[in-house]
Amino acid sequence: MKKTLLLFLFIVITSCYQETVIAVEGDFTTSYVSGDESVPVIINIDSKITGADTYQWEFEGGSPSTSSLKNPGEILYAKQGTYTIKLRASNADGEFTEISKAVVIKEGINIQFKNEVLKSTYSPVEVVLTNTTAGEGLTFAWDFQDGMPASFSGKTPPNVVFTTPGDHNITLTVSNGFESRKQIQTVNVAPYLVSLFAYEPDFNDDDYQLPVTIKFANKSVSATNYKWTFEGGSPAVSTEENPTVTFTSAGLHQVTLEASNDKTSQKYSTAITVESDTNLRVFSNIKLGINTAHNNNNIGAMFSTSTRQVYKANEINDQNSSLIDIVFQGLNSNFTSNKFISPDQVNNYGFLGLKNAQSTIFINSQNLCNCGLNFTETQFDAMVDDTTIKSLNISYSASGAQEFGFTYPRIILFKTQDGRKGAIKIKEMVKNGTSSYILCDIKVQKQ
């Protein structure tokens, strides 16, 4: 009887124990913090496991690499790859569960590439591209604005050629399957080569009469080398960028510039006409004011045949006063008394004195000078060289220097301090109050 009771109690106790065994159940989830799947990546672990007393976590490639916490929270991954997260959860009843999950960590993107122009930036421009972007599992898409080729897929593109002048974008787009990054670099192609030049004679050679010295100004575009040829010039050839050349023979002279760079060359030519020397300088429509017009700084009364300028009172200085060789003295607006006077005598005729003034002889009245001169308007108009004037005997006389009245056209003869002979033709005498003036043409031997 006692044995039977003991057996019954054992069965009851055993049945009660089996009913209290706790199972380990549930799962855990992983998520990318901030949705960022490329390194560095933080994975958040959210455990929903129940019934466990101990937890053994293994985070392959992660930091930390292990944990015994029920909910380890955030795990850092610094390298690209596919990694396994393992969990063994167990309890005192010997119950356990094992769960493994994979997380994919994508490569971070740090674009690194450079472009190198071969030879020069003159068209066509060939560019070598070096891509040092690090990482695995990346894709590369290239775009070459106006280039050949126009695009390329792959890490290392072929050389690219640009021909159109201007800036060209090279765009590299790198993707890791989760995100894309883009970098743009610019290549400049210089303008197309153009051979071109301008030229200007020296100040005293602007009539292109022999001998003529001309300064050439190179206007070429995208050129590095210059080869000039000057037909009939000295020098006959030049490699200077901006040469100066003298022509000593009359006629048509061909000038050619071959401009080049390391890619191509081009020629440009023009013809320059050089005239025979007339030894005559011609000035037309020169206005010379009366004294008040000059002193009031309205119309100058003083002229320089070397600078070819008319000067008002406020324009005269120590540098140009010695270059003035013609002075008109008009007493009033009615032109009752007029004469051309020597620059070194201006202070005697209502003008301020000139520093280092020249001495010029003027014959204001040919018929009164008793010097055998009768140079006419017809001769003046027909004068194309100095032949008719160089034989004239122009010397000072008080009678020849005396004033004249309101009469025109009129011829005034003169000789400069350096011995050049010339003639002035008064074409008009304009009455305009204190701004009255004469209008004249001047022909004088060259310096």
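Descriptive notes on the structure:
- Top positive-direction residue, dipole computed over the chain with Cβ charges, set TYR83, ALA134, ASN298: ASN298
- Pairs beyond 32 Å (Cα-Cα), from LYS287/LYS421; LYS227/LYS443; LYS119/LYS219; LYS219/LYS421; LYS155/LYS267; LYS312/LYS446: LYS227/LYS443; LYS219/LYS421; LYS155/LYS267
- Accessible surface of the range 15-107 [probe 1.4 Å, protein heavy atoms]: carbon and sulfur percent: 48 percent
- Calculated accessible area for the chain comes out at 52 Å² per residue, all protein chains present (probe 1.4 Å; ligands, DNA, RNA ignored).
- Sequence-distant lysines (8 or more away, or on other chains) whose Cα lies within less than 29 Å of LYS86: LYS48, LYS70, LYS101, LYS106
- Tensor-based shape of the range 210-305 (alpha-carbon gyration tensor, a/c under 1.5 rounded, otherwise prolate or oblate): prolate
- Check: the range 76-148 dipole with +1 on Lys, Arg Cβ and -1 on Asp, Glu Cβ, in debye: 160 debye
- Inter-label distance, nm, simple model (7 Å from Cα along the C-beta direction), THR50/SER68: 2.6 nm
- Signed unit charges on C-beta, dipole axis of the chain, positive-most listed residue ASN44, THR307, VAL327: VAL327
- Area accessible to solvent at GLU428, 1.4 Å probe radius, in Å²: 80 Å²
- Extension gain, SER265 back to ARG88 (0.36 nm per residue minus Cα-Cα distance, nm): 55.8 nm
- The charge dipole of the chain, taken about its Cα centre with unit charges on the Cβ of Lys, Arg, Asp and Glu (plus for the first two, minus for the last two), comes to roughly 1300 debye.
- Label of the coordinate-derived value, P(r) over Cα pairs in 10 Å bins from 0, in percent, listed as (1) 4, 13, 12, 10, 9, 8, 7, 7, 6, 6, 5, 4, 3, 2, 1, 1, 1, 0, 0; (2) 4, 21, 31, 26, 13, 4, 1, 0, 0; (3) 4, 18, 28, 27, 14, 6, 2, 0: (1)
- Rough spin-label spacing in nm, given labels placed 7 Å along Cα→Cβ, for ILE22 and LYS119: 8.2 nm
- By the rule of a C-alpha distance below 12 Å, with chain neighbours fewer than 8 residues away ignored, the aspartates and glutamates paired with LYS339 are GLU403.
- In this simple spin-label approximation, THR378 and THR224 carry label points 7 Å from Cα along the Cα→Cβ vector, and these lie 6.8 nm apart.
- Residue among ASN393, GLY372, GLY353 farthest towards the positive dipole end of the range 297-394, charges placed on Cβ: GLY353
- Mean sequence separation of contacting Cα pairs (under 8 Å, at least six apart), scaled by the length of the range 35-98, corresponds to a relative contact order of 38 percent.
- Seen through its C-alpha gyration tensor, with square-root eigenvalues sorted a ≥ b ≥ c, the range 46-109 comes out prolate because a/c lies at 1.5 or above while a/b is bigger than b/c.
- Taking every alpha-carbon pair under 8 Å whose residues sit at least 6 apart, the chain reaches a relative contact order of 8 percent.
- Helix-only [θ]222 nm of the chain, DSSP H runs n ≥ 4, -39500 (n - 2.57) each, per residue, nearest 500: -2000 deg cm²/dmol
- Percentage relative contact order, the range 121-225, counting C-alpha pairs under 8 Å, at least six apart: 24 percent
- Those aspartates and glutamates that a straight Cα-Cα span of less than 18 Å connects to LYS263, excepting residues fewer than 8 apart in one chain: GLU116, GLU126
- Three-way shape label, the range 311-447, alpha-carbon gyration tensor, a/c 1.5: oblate
- Highest GNM mean-square fluctuation among GLU231, GLU74, GLU107, for the chain modelled with Cα contacts below 10 Å: GLU74.
- Estimated dipole of the range 261-395 in Debye, rounded to 20 [Cβ of Lys and Arg +1, of Asp and Glu -1, Cα centre]: 280 debye
The values are calculated or read from the model by the stated rules, or taken from the named source; none is laboratory data. It should be emphasised that the depicted structure is a prediction, and the values quoted were computed from it without experimental measurement. Here Cβ is always computed from backbone atoms with ideal geometry, including for glycine, and neighbour counts include all displayed protein chains. Keep in mind that these areas ignore ligands, DNA and RNA; they rest on the heavy atoms of the full protein, side chains included. Shrake-Rupley method; radii C 1.70, N 1.55, O 1.52, S 1.80 Å.
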